[in-house]
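So the structure is just underneath, and the comments pick up after that.
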Amino acid sequence: MRAFLRRTRVRLTLAYTGVLAVALCAGAALFWFAFARAELGSIDTSLRGQAQLLASGLREQGGSVLFHGAAALPGESPAGAPIGALLVADDGRILDQAGPALSPSAARSVAGEAAGDGGHLVDSRTLDGIRQRVLVQRLDLGSGQSAALVLDRPLEEYQQTLRTASAFLTVTVGVLVIMAAGSGYWLAGRVFRPVHAITATARDLSEHSLGRRITLDLPPDELGELAATFNAMLARLEAAFTSLQRFTADAAHELRAPLAALLADVEVTLRRPRDAADYAATLDSVRSEAQRLRNTADQLLMLARADAGALAASWDRIDVIDLIDEVTERWRSLATRRGIDLHSEAPDDLAVVADPGLLRRLLDNLIDNALRYTPSGGSVGVEAAAGHDGRWHVAVGDSGPGVDPGIIPRLFDRFTRSDPARGRDTGGAGLGLSLCAAIAAIHGGTIRLDTSTPVGARFVVELSVDPSVLPGQAHRGVLSGGEGTDRVRVPAQPG
Ligand SMILES: Nc1ncnc2c1ncn2[C@@H]1O[C@H](COP(=O)(O)OP(=O)(O)OP(=O)(O)O)[C@@H](O)[C@H]1O
Ligand SMILES: [Mg+2]
């Protein structure tokens, strides 16, 4: 990862510097061309001005035309470049000259060149071995006579200026590119700092250091969000790991206690020879402990499967009234033995799609609780009804003492029970309601304790009429249990 980050940092720097270098070179080239054009433009303007001055000052003397204002012609430009002027007659005679002018042959040659171009020419030429800017202008001398005025100015000074500008631009672009590369590399390093921190944190992470977090003070941009997401993920992992540790410890404790009781029973019985009735009593107690252990192990297994998303439902269309009648009938004899009135109520026409096995398990747990915590002479009622928006609910209520207020906030958490040290005969592991919540969730529903009832406890389970079509649910089950269905076997042994 480190090598990858370094490579990416270098690549980013190179890409950034490359783009910047191209942009700077293009800018410098544009500037150079514009500067060169402007310089040449000012040379041409000064040549034209001088040509005008000379043309207006021509005079005739002794049959010849001469520069009258030649004295006004500067011998050199303001920067010291020599300027020359020649008046070339149509027949090639040199009528007059001023300043360090061109050789007559060179002047004739450019005058001839200009003749084909309407007599006007402004261009750069290499004449007399020197690069020059020349201006040729046709002049009408009167009485049918004309001549070409040839002005020249060496370009050495101009070329020197351009060379200086090029050197200046090259150095500037070079320095800027080097600075850009340095700052780009530094910036890329800063950008990757959180990624480095995340990598280092992830590398050093173990089950003992899940409390570690990225502590960089980052702005709320993409990287800040990445660090925050990573920290949130660590927090979730830590919470899940802690809860798993607690779950494992609780589960071990829950299995250990009945096993110890079972062993103690057997050891006491084996201490001396006993009659058949004693052995039968011990075996009876061993059986009830083994049943409790099996129930706890069964619940733990289902919860573990639900956690792993492996508690797949086998969707089936069921008549709610049939299901509720069947479940309450199974509990009726126990209710009668305990002197509790068990009654149920459901609409005839309520048909839903659900996993019948899981739904039985849910009702069994709620009725088991209700019968367990309701004293003799009380009543337990199971009622189902259609709700709104494709939902239905089933409620189990009793006339017992109600749920201990101290445990209500954690009621559906695993191993929650009002008195953990309660005797073996009345107490369960505290897993029943968490299993109910898992089953309700699989059915796209919820379970809650109805706190508005004045007496006893009432649990309301709200479910979707057809959870198999809910997004995220359909893939978890199949209708009527085809191959590959994970049908959960429900041990139905009330009491
Ligand atoms: N109908 C009820 N009336 C009063 N308290 C209840 C009722 N149902 C549940 N509780 C309280 O909620 C706790 C948790 O119930 P839950 O069904 O999860 O566990 P359990 O019945 O103790 O054990 P398990 O169901 O694993 O055998 C119970 O210990 C009890 O204190
Ligand atoms: Mg229970």
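The values are calculated or read from the model by the stated rules, or taken from the named source; none is laboratory data. Quick caveat: nothing in here was measured; it's all calculated off a predicted structure. Cβ: placed from backbone, ideal geometry, glycine included. Neighbour counts: every protein chain shown. With ligands, DNA and RNA removed, areas are computed over all heavy atoms of the protein, side chains included. Shrake-Rupley method; radii C 1.70, N 1.55, O 1.52, S 1.80 Å.
List of remarks:
- Here the simple spin-label model places points 7 Å from the Cα toward Cβ, and for Leu263 and Asp349 these points are separated by 6.1 nm.
- Ordering of 201-208, 379-386, 343-350, 408-415 by packing is 379-386, 408-415, 343-350, 201-208, highest average first (other Cβ atoms within 10 Å, averaged per residue).
- Protection proxy ranking, peptides 243-249, 91-97, average beta carbon neighbours within 10 Å, highest first: 91-97, 243-249
- Relative contact order %, region 222-303, counting alpha carbon pairs below 8 Å whose residues are six or more apart: 34 percent
- Nearest-20 debye value, region 222-303 charge dipole, Cβ charges on Lys, Arg, Asp, Glu: 320 debye
- Per residue convex hull volume, Cα atoms of region 292-447, in Å³: 122 Å³
- The relative contact order of the chain comes to 10 percent, based on Cα pairs under 8 Å that sit 6 or more residues apart.
- Amide H to amide H, with H built 1.01 Å from N, Ile83 comes under 5 Å of Glu76, Ser77, counting only residues 5 or more places away or on other chains.
- A simple packing score, the average count of other Cβ atoms within 10 Å per residue, orders the peptides 128-138, 181-191, 430-440 as 430-440, 128-138, 181-191, with the highest score first.
- Averaging 1/r over each pair of different alpha-carbon atoms in region 115-240 and inverting the result gives 21.9 Å, the Kirkwood hydrodynamic radius.
- P(r) tail fraction, the chain - alpha-carbon pairs more than 35 Å apart, %: 64 percent
- Seen from every direction in turn and averaged, the convex hull around the alpha carbons of region 1-56 projects onto 3.4 nm².
- Expressed per residue, the C-alpha convex hull volume of region 222-303 stands at 64 Å³.
- Summed side-chain charge close to Ser399 - residues other than Ser399 whose Cβ falls under 11 Å, Lys, Arg +1, Asp, Glu -1: -1
- Cβ-Cβ FRET estimate between Ser206 and Asn231, R0 fixed at 22 Å, reported to 0.05: 0.85
- In a simple Cβ point-charge model (Lys, Arg +1; Asp, Glu -1; nothing else charged), the chain has a dipole of about 1680 debye relative to its Cα centre.
- Rolling a 1.4 angstrom probe over region 2-161 with all protein chains present gives an accessible area of which 57% lies on carbon and sulfur atoms.
- Considering only Pro409, Leu127, Asn365, the residue lying farthest towards the positive end of the dipole of the chain is Leu127, judged by Cα position with unit charges set on Cβ.
- Across region 139-244, C-alpha contacts under 8 Å between residues 6 or more apart give a mean separation that, scaled by the residue count, equals a relative contact order of 18 percent.
- Net charge over other residues, Cβ less than 14 angstrom from the Cβ of Leu366 (K, R count +1; D, E count -1): 0
- The largest-to-smallest principal axis extents of the Cα set in region 2-161 are 94, 31, 25 Å.
- Applying 1/(1 + (r/R0)^6) with r as the Cβ-Cβ distance of Thr170 and Ala310 and R0 = 45 angstrom yields a FRET efficiency of 0.05.
- Neighbourhood net charge (12 Å Cβ-Cβ; Lys/Arg +1, Asp/Glu -1) for Ile408: -1
- With every protein chain in place and a 1.4 angstrom probe, the accessible-area ranking of Met302, Met233, largest first, reads Met233, Met302.
- Taking a span of 30 Å or more along the helix axis (Cα atoms) and a mean Kyte-Doolittle hydropathy of at least -1.0 as the rule, the DSSP H helices of the chain that qualify are 2-56, 156-203, 222-270, 276-307.
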